[in-house]
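Here the structure comes first, spelled out in structure tokens, and everything after it is commentary.
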Amino acid sequence: MENFVFQNGTKLIFGKDTEKLVGQESVVYGKKLLLHYGGGSIKLSGLYDTVLQSLTEQGIETFELGGVKPNPRVCLVREGIKLCKENNIGFILAVGGGSVIDSAKAIAAGVNYDGDVWDLFNGKGVVKDCLPIGTVLTIPAAGSETSNGTVITNEDGLYKRSTSHNTMRPKFSILNPILTFTLPAYQTACGITDMMAHILERYFTNEKNVELTDRLCEGALRTIINNAQVVIQDPTNSAARAEIMWSGTIAHNDILGTGRIGDWGSHDIEHEISGIYDIAHGAGLAIVFPAWMKYVYKHDINRFVQFANRVWDVEIDLNNLEKTALAGIRKTEKFLSSIGMPIRLKEAGIGDEHIEEMSKKGTEKGPLGNFAKLYETDVIKILNLAK
């Protein structure tokens, strides 16, 4: 087990009607905030009115910036930074899913940076401090409600890049599973895939003697799998929605990565796909992860056998470990397909015309991944496996 420091300072407020507490939680950080959100869904659901009323009751002056898209754009981030600077805003409230929260984090980092915010994503600048942010989560998926990172897309060059800093962690996050009842099945499935991928990136490690976090990862994966079909077929099942929402947070709040070095190669490959094709991050991960598994499983076949056995209940064939490992990969693919996810590029309407470009861009700063190092030629082969 690796040495580690675990610190996650996000206050989590979980349960029914907790969005009504947003005012009293926000006022701690000032009387002026930026309310950041996506499209019109929070207004249609009534959540917008609830949040605004709670803020007004605390005497908070609210400035608004909506319009966040999936794979959030740096152009809107720049607009948010300008708004915050011009109005001396000291707190950002993100109401939405991972894209909204990531956009809010980027704004929070950019306000205190003397330069263009994209510098913080391309390596030219360093995040030093961020405005405090809070969240009201509406889409369980990215885990951004407690994480210290953000991912932003730059349409100039079609780059999708990440950055992180501990001050990016939200000061509080409000999680009410009932707010997810109206999510479309596809969006729910994308979120389920995203949180599973966060766990898998940590699970596939070269570190030995990590039994506790292995078991935690496996338990979280099984919980997601057990509840996935329930929430897709019965969207208003509050018990299953609660399990999924809490799993998404646990998947990316760093506890499952303690003492181990995660991989993250599949995420980096997917960023190139969604950067160019603008598909949902979860859908991209459903395509990439099985292909990555097929390409690297021989690197540590025993770990893949363990994954197949403990997560998918595949009986271990001691005379043919490869058979067991491959059965686990097939079950992963079958599950993702069963919840409506594409598992091939062609299923998402993506051809092979940009495979070499994506592989080159993804590895321009060096090889991807930690479990097995991936160079440009490796990424090309993985994307070809995903066709």
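The values are calculated or read from the model by the stated rules, or taken from the named source; none is laboratory data. All figures in this text were calculated on a predicted structure; none of them were measured in a lab. Because the Cβ atoms are built from the backbone with ideal geometry, glycine has one as well, and the counts that use them run over all protein chains shown.
From the set of residues in the range 1-45 that are acidic (Asp, Glu) and assigned to a helix (DSSP H, G or I), which is farthest from residue 171 (Cα to Cα)?
Applying the filter and picking the extreme gives 19.
Need pairs with beta-carbon distance below 6 Å; first residue farther than 19 Å from residue 193 by Cβ and within the range 285-311, second charged (D, E, K, R) and part of a helix (DSSP H, G or I); sequence gap 6+ or separate chains.
That search, which allows pairs on different chains as well, returns 310/218.
If we keep just the residues of the range 365-386 that are touching a residue at least 40 places away in the same chain (Cβ under 8 Å) and not in a helix (DSSP H, G or I), which is surrounded by the most Cβ atoms within 10 Å (Cβ to Cβ)?
Within the range 365-386, the match that is surrounded by the most Cβ atoms within 10 Å (Cβ to Cβ) is 386.
Only one of 300, 268 is under 29 Å from residue 99 (Cβ atoms) and either of a type in the set (Asp, Glu) or at pLDDT below 95 (or both); which?
After ruling out the rest, the residue left standing is 268.
Which ones in the range 296-351 are of a type in the set (Lys, Arg) and over 23 Å from the mean Cα position of the chain (by Cα)?
Matches in the range 296-351: 298, 303, 310, 323, 330, 346.
In the range 118-138, what residues are touching a residue at least 40 places away in the same chain (Cβ under 8 Å) and either in contact with a strand residue (DSSP E or B) (Cβ under 7 Å, 6 or more places away or on another chain) or under 16 Å from residue 101 (Cα atoms) (or both)?
118, 120, 121, 127, 131, 132, 133, 134, 135, 136, 137, 138
Condition check ((1) aliphatic (A, V, I, L, M); (2) in contact (Cβ under 8 Å) with a residue 40 or more places away in the chain; (3) surrounded by 22 or more Cβ atoms within 10 Å (Cβ to Cβ); (4) in the same structural domain as residue 285 (by TED's automatic domain parsing)) across all residues:
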{"position": "210", "(1), (2), (3), (4)": "yes, yes, no, yes"}
{"position": "233", "(1), (2), (3), (4)": "no, no, no, yes"}
{"position": "261", "(1), (2), (3), (4)": "yes, yes, no, yes"}
{"position": "267", "(1), (2), (3), (4)": "no, yes, yes, yes"}
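For residues in the range 149-163 being farther than 15 Å from residue 107 by Cβ and of a type in the set (Ser, Thr, Tyr), which is surrounded by the most Cβ atoms within 10 Å (Cβ to Cβ)?
Looking at the filtered set, the residue picked out is 159.
Can you tell me which of (1) small (Gly, Ala, Ser); (2) touching a residue at least 24 places away in the same chain (Cβ under 8 Å); (3) within 27 Å of residue 188 (Cα to Cα) is the one residue 359 doesn't meet?
Among (1) small (Gly, Ala, Ser); (2) touching a residue at least 24 places away in the same chain (Cβ under 8 Å); (3) within 27 Å of residue 188 (Cα to Cα), residue 359 violates only (3).
Any residue in the range 198-208 that is among the polar types (S, T, N, Q) and either outside any loop (DSSP other than H, G, I, E, B) or under 11 Å from the mean Cα position of the chain (by Cα) (or both)?
No: zero hits.
Among the residues of the range 178-203, write down those that are out of contact with any Pro (no Cβ under 8 Å at 6 or more places or on another chain) and more than 15 Å from residue 285 (Cα to Cα).
178, 179, 184, 203
To keep it simple, each residue is scored yes or no on (1) within 21 Å of residue 159 (Cα to Cα); (2) within 19 Å of the chain's Cα centre (by Cα); (3) small (Gly, Ala, Ser).
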| residue | (1), (2), (3) |
| --- | --- |
| 259 | no, no, yes |
| 265 | yes, yes, yes |
| 286 | yes, yes, yes |
| 293 | no, no, no |
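Filtering the range 125-143 down to residues that are within 20 Å of residue 89 (Cβ to Cβ) and at pLDDT 95 or above, which residue is surrounded by the fewest Cβ atoms within 10 Å (Cβ to Cβ)?
Once the filter is applied, the top-ranked residue is 132.
If residue 186 satisfies all but one of (1) under 28 Å from residue 108 (Cβ atoms); (2) assigned to a helix (DSSP H, G or I), what's the number of the condition it fails?
Going through (1) under 28 Å from residue 108 (Cβ atoms); (2) assigned to a helix (DSSP H, G or I) one by one, residue 186 breaks only (1).
Among (1) touching a helix residue (DSSP H, G or I) at 6+ places or on another chain (Cβ under 8 Å); (2) surrounded by fewer than 19 Cβ atoms within 10 Å (Cβ to Cβ); (3) aliphatic (A, V, I, L, M), which single condition is residue 44 missing?
In the conditions (1) touching a helix residue (DSSP H, G or I) at 6+ places or on another chain (Cβ under 8 Å); (2) surrounded by fewer than 19 Cβ atoms within 10 Å (Cβ to Cβ); (3) aliphatic (A, V, I, L, M), residue 44 misses (1) alone.
How about the range 178-192: which of its residues are within 15 Å of residue 242 (Cβ to Cβ), surrounded by fewer than 24 Cβ atoms within 10 Å (Cβ to Cβ) and not aliphatic (A, V, I, L, M)?
Matches in the range 178-192: 181, 188.
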